[in-house]
Amino acid sequence: TPMERIRNFCIIAHIDHGKSTLADRMLQLTGVVDARAMRAQYLDRMDIERERGITVKSQAVRMPWQVDGVNYALNMIDTPGHVDFTYEVSRSLAACEGAILLVDAAQGIEAQTLANLYLAMENDLPIIPVLNKIDLPAADPEKYAAELAQLVGVDPSEVLRVSGKTGAGVEELLDHVVRTLPEPVGEIDAPCRAMIFDSVYDTYRGVVTYVRVIDGRMTPREKIVMMSTGAQHELLEIGVISPEPIPTKGLGPGEVGYLITGVKDVRQSKVGDTVTAAVRGATEALAGYADPKPMVYSGLFPIDGSDYPILRDALDKLKLNDAALNYEPETSTALGFGFRVGFLGLLHLEIVRERLEREFNLDLISTAPSVVYQVTMEDGTEVEVMNPSDFPTGKVREIREPVSRGTIIVPSEFVGTVMELCQTKRGSLQGMDYLSEERVELRYQLPLAEIVFDFFDQLKSRTKGYASLDYDVSGEQAADLVKVDMLLQGEPVDAFSAIVHRDKAYHYGVEMAGKLKNLIPRQQFEVPIQAAIGSRIIARENIRALRKDVLSKCYGGDISRKRKLLEKQKEGKKRMKNIGSVEVPQEAFIAALSSD
Ligand code: GTP
């Protein structure tokens, strides 16, 4: 297809504003999927995505569309809407010439509307403002068209109105895409360069890589190079998705499609990388390749220790399709054998955990999420700490933690309570704007550790669910942080060590000590539970000793009953963990970690 007949666009929206529904409607109207074969949310292939109604992996579909008797090829590039996947969003945006900014006509602008809009503006993309769900009785198109128009700097009459559900306005929107978005630019005679904007593992075909060709032409059977690694592969197949993969004789500038090289791991075909020809290829890669960096770490342990090999195999499998997933074995005195796993953010953590439990039938316990700290020791050595229990001993000069820029949008009556929350989470206000009389955008700098802890839950509960949040990691700062250990009879319990701000250490210690006291059964002797910073004890509870031992109940008479009891006790011991001389059922640790 010549470039003047191609339009590449994406739809960006806040979660639940109806992106997938609109995309489905477009597939249907362009005849790519017929009404009978249409299943809800065609683009969201993974079961878990469909159930949770979120888009994790981006995809691209080519759709034919006629305007004024001329045939065009529209490439719709689906983007993940969630903050954890910002890098994938920005790569998808880089593959487009324009973006549809979709806003729910009953909700108005939300935090991810802004976050995604800013990303699109950074990519210099023209924006088509669209109100969705105009069929809803609660829709207030006049009000929100004004809000949206002001945001993108157009007249309210230029805001399109559609319903993905009924299809109203969607054909006009497709015409508008053709008429107003620019055609791609690229050089047909230059050495070929294509940008990878997604990479998906498929059991039958290996890795399927989604690309946008910028210059030149790519043809089947030629040798290609991944420019970030220099790795060469044979191009086994190249084609377009419409909506199933259709092999073609090649892809030219401006075109969007897929390629298959036979590699088995998405890490060999990385989002953001440039693909070129092995012979007379390009020498300069396209801008913008970054390795996804885990921001949040958590220990994952099987509740049944014998599941450890299953967990290892399951992680190996997920990794084939998730370049951001990162893990290494971890051993804990409290929880046994498991893995320290790195995630992009909390949603990523939740998704991985749910997939492990559901697809591999695992029962898992995860330790409190932790961010990565940079510790400078008194002698100048630098240590990166991803696990509080690995915190170095010795004199510390400085600890730095990641900080993030958070954008929060709330109805104005909640501004006070949100500010209070951000204050207790060590936030500093960077700016505040009224989007309308009732809605306010607050910008805060917040430590990432505070956000991953329970910020989102608290924000939602304090605003009756009305607040929306978006954040991205923007740098690091030095902070007065300390490591708090929980000790059972003087022995640290690794899974409960935490790095917290000095002002909150006491609170954490008292709370954890109280929790453990209630969960750990009494022993033959008194057991102190302490919270400590280094050698300084900051909180203490006692588990009182048992007064009688098990056998005293038996009055000496019945021997078989005595044996039974002893056997039962042995049974129970198997699942006991020894912390020093204290025996703790694993359940107690699990309960202490899972209850909030
Ligand atoms: P993510 O993929 O998580 O970003 O969500 P989304 O933006 O794709 O939203 P989705 O298409 O899943 O729609 C969210 C909800 O809104 C679903 O319950 C849809 O049925 C509903 N919905 C979407 N479009 C419309 C519409 O035009 N009218 C009405 N009434 N409901 C809609």
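Sort out for me the helices (runs of 4 or more DSSP H) sitting completely within region 101-196 that have 2 or more residues that are within 13 Å of the ligand (Cβ to nearest atom). First the steps, then the outcome.
Values: elements: 111-122, 141-152, 170-180.
Because the criterion is at least 2 residues that are within 13 Å of the ligand (Cβ to nearest atom), the helices (runs of 4 or more DSSP H) in region 101-196 that meet it are 111-122, 170-180.
With respect to residue 407, determine if the residue is closer than 21 Å to residue 114 by Cα, touching a helix residue (DSSP H, G or I) at 6+ places or on another chain (Cβ under 9 Å), buried (at least 17 other Cβ atoms within 10 Å of the Cβ) and not hydrophobic (A, V, I, L, M, F, W, C).
So residue 407 passes the test.
Enumerate the pairs (first residue in region 299-318 and on the phi > 0 side of the Ramachandran plot; second residue anywhere and open to solvent by 60 Å² or more (accessible area, probe 1.4 Å)) with beta-carbon separation below 6 Å, excluding pairs fewer than 6 apart on the same chain, so at least 6 apart or on different chains.
Within 6 Å, no pair qualifies.
Quickly run through region 1-24 and pick out the residues that are within 12 Å of the ligand (Cβ to nearest atom) and of a type in the set (Ser, Thr, Tyr).
20, 21
Which pairs do you get when a residue that is without any contact (Cβ under 8 Å) to a residue 60 or more places away in the chain, found in region 99-110, comes within reach of a residue that is among the basic types (Lys, Arg) and buried (at least 24 other Cβ atoms within 10 Å of the Cβ), reach meaning Cβ atoms under 8 angstrom, with the pair 6+ apart or on two chains?
105/133; 106/133
Part of a strand (DSSP E or B), touching a strand residue (DSSP E or B) at 6+ places or on another chain (Cβ under 9 Å), at pLDDT 95 or above and surrounded by 19 or more Cβ atoms within 10 Å (Cβ to Cβ): is that true of residue 207 in this structure? Outline the logic, then answer.
On the way: part of a strand (DSSP E or B): yes; touching a strand residue (DSSP E or B) at 6+ places or on another chain (Cβ under 9 Å): yes; at pLDDT 95 or above: no; surrounded by 19 or more Cβ atoms within 10 Å (Cβ to Cβ): yes.
Taking the combined requirement at face value, the residue does not satisfy it.
I need the full set of residues from region 335-360 which are touching a residue at least 24 places away in the same chain (Cβ under 8 Å) and not hydrophobic (A, V, I, L, M, F, W, C), in order please.
So the first thing to find is which residues in region 335-360 are touching a residue at least 24 places away in the same chain (Cβ under 8 Å), and the list is 335-349, 351-356, 358-360.
Residues satisfying the conditions are 336, 338, 340, 342, 345, 348, 353, 354, 355, 358, 359.
Go through region 1-22 and give me each residue that's within 29 Å of the chain's Cα centre (by Cα), of a type in the set (S, T, N, Q) and either open to solvent by 10 Å² or more (accessible area, probe 1.4 Å) or over 29 Å from residue 253 (Cβ atoms) (or both).
20, 21
Results for (1) touching a Lys or Arg at 6+ places or on another chain (Cβ under 7 Å); (2) closer than 23 Å to residue 239 by Cβ; (3) among the acidic types (Asp, Glu), shown as yes or no for each residue.
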site: 168; (1), (2), (3): no, no, no
site: 176; (1), (2), (3): no, no, no
site: 187; (1), (2), (3): no, yes, yes
site: 193; (1), (2), (3): no, yes, no
site: 207; (1), (2), (3): yes, yes, no
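Kindly list the number of the only condition in (1) at pLDDT 90 or above; (2) within 13 Å of the ligand (Cβ to nearest atom); (3) not hydroxyl-bearing (Ser, Thr, Tyr) that fails for residue 78.
Here residue 78 clears every test but (1).
Just to check your reading of the model, which residue among 255, 237 is surrounded by fewer than 24 Cβ atoms within 10 Å (Cβ to Cβ) and either closer than 29 Å to residue 182 by Cβ or of a type outside the set (Lys, Arg) (or both)?
Working: 255 fails: surrounded by fewer than 24 Cβ atoms within 10 Å (Cβ to Cβ).
That would be 237, the only listed residue that is surrounded by fewer than 24 Cβ atoms within 10 Å (Cβ to Cβ) and either closer than 29 Å to residue 182 by Cβ or of a type outside the set (Lys, Arg) (or both).
Out of the residues in region 435-477 that are in a loop (DSSP other than H, G, I, E, B) and of a type outside the set (Asp, Glu), which is farthest from residue 402 (Cα to Cα)?
Of all residues in region 435-477, those in a loop (DSSP other than H, G, I, E, B) come to 435-438, 463-467.
Those left that are additionally of a type outside the set (Asp, Glu): 435-436, 463-467.
Values: 435: 29, 436: 32, 463: 26, 464: 29, 465: 27, 466: 27, 467: 23 Å.
So, considering only residues that are in a loop (DSSP other than H, G, I, E, B) and of a type outside the set (Asp, Glu), the one farthest from residue 402 (Cα to Cα) is 436.
Do we find a residue being modelled with pLDDT under 80 and more than 11 Å from the ligand (Cβ to nearest atom) anywhere in region 59-71? If you could, list the steps in order and put the result at the bottom.
Applying the first criterion (modelled with pLDDT under 80) to region 59-71 yields 59.
Filter once more, keeping what is more than 11 Å from the ligand (Cβ to nearest atom): 59.
Scanning region 59-71, I find at least one residue that is modelled with pLDDT under 80 and more than 11 Å from the ligand (Cβ to nearest atom), so the answer is yes.
If you go through region 178-204 one residue at a time, how many are under 30 Å from the mean Cα position of the chain (by Cα) and surrounded by 15 or more Cβ atoms within 10 Å (Cβ to Cβ)?
We begin by selecting, within region 178-204, every residue under 30 Å from the mean Cα position of the chain (by Cα); these are 193-204.
With surrounded by 15 or more Cβ atoms within 10 Å (Cβ to Cβ) added as a condition, the list becomes 193-201.
Counting residues in region 178-204 that are under 30 Å from the mean Cα position of the chain (by Cα) and surrounded by 15 or more Cβ atoms within 10 Å (Cβ to Cβ) gives 9.
Residues in region 363-384 that are touching a residue at least 24 places away in the same chain (Cβ under 8 Å), open to solvent by 10 Å² or more (accessible area, probe 1.4 Å) and not in a strand (DSSP E or B): how many?
5
Can you find a residue that is among the basic types (Lys, Arg), more than 25 Å from the chain's Cα centre (by Cα) and open to solvent by 10 Å² or more (accessible area, probe 1.4 Å) anywhere in region 122-143? Explain how you work it out, then say what you get.
Taking region 122-143 first, the residues among the basic types (Lys, Arg) are 133, 143.
From what is left, the residues that are more than 25 Å from the chain's Cα centre (by Cα) are 133, 143.
If we keep only those that are open to solvent by 10 Å² or more (accessible area, probe 1.4 Å) too, we end up with 133, 143.
Yes, because at least one residue in region 122-143 is among the basic types (Lys, Arg), more than 25 Å from the chain's Cα centre (by Cα) and open to solvent by 10 Å² or more (accessible area, probe 1.4 Å).
The values are calculated or read from the model by the stated rules, or taken from the named source; none is laboratory data. Being a predicted model, the structure only gives us computed values, none of them experimental. Backbone-built Cβ (ideal geometry, glycine too); neighbour counts: all protein chains shown. For the accessible areas, the whole protein counts, side chains as well, though only heavy atoms, and no ligand, DNA or RNA atoms are used. Shrake-Rupley method; radii C 1.70, N 1.55, O 1.52, S 1.80 Å.
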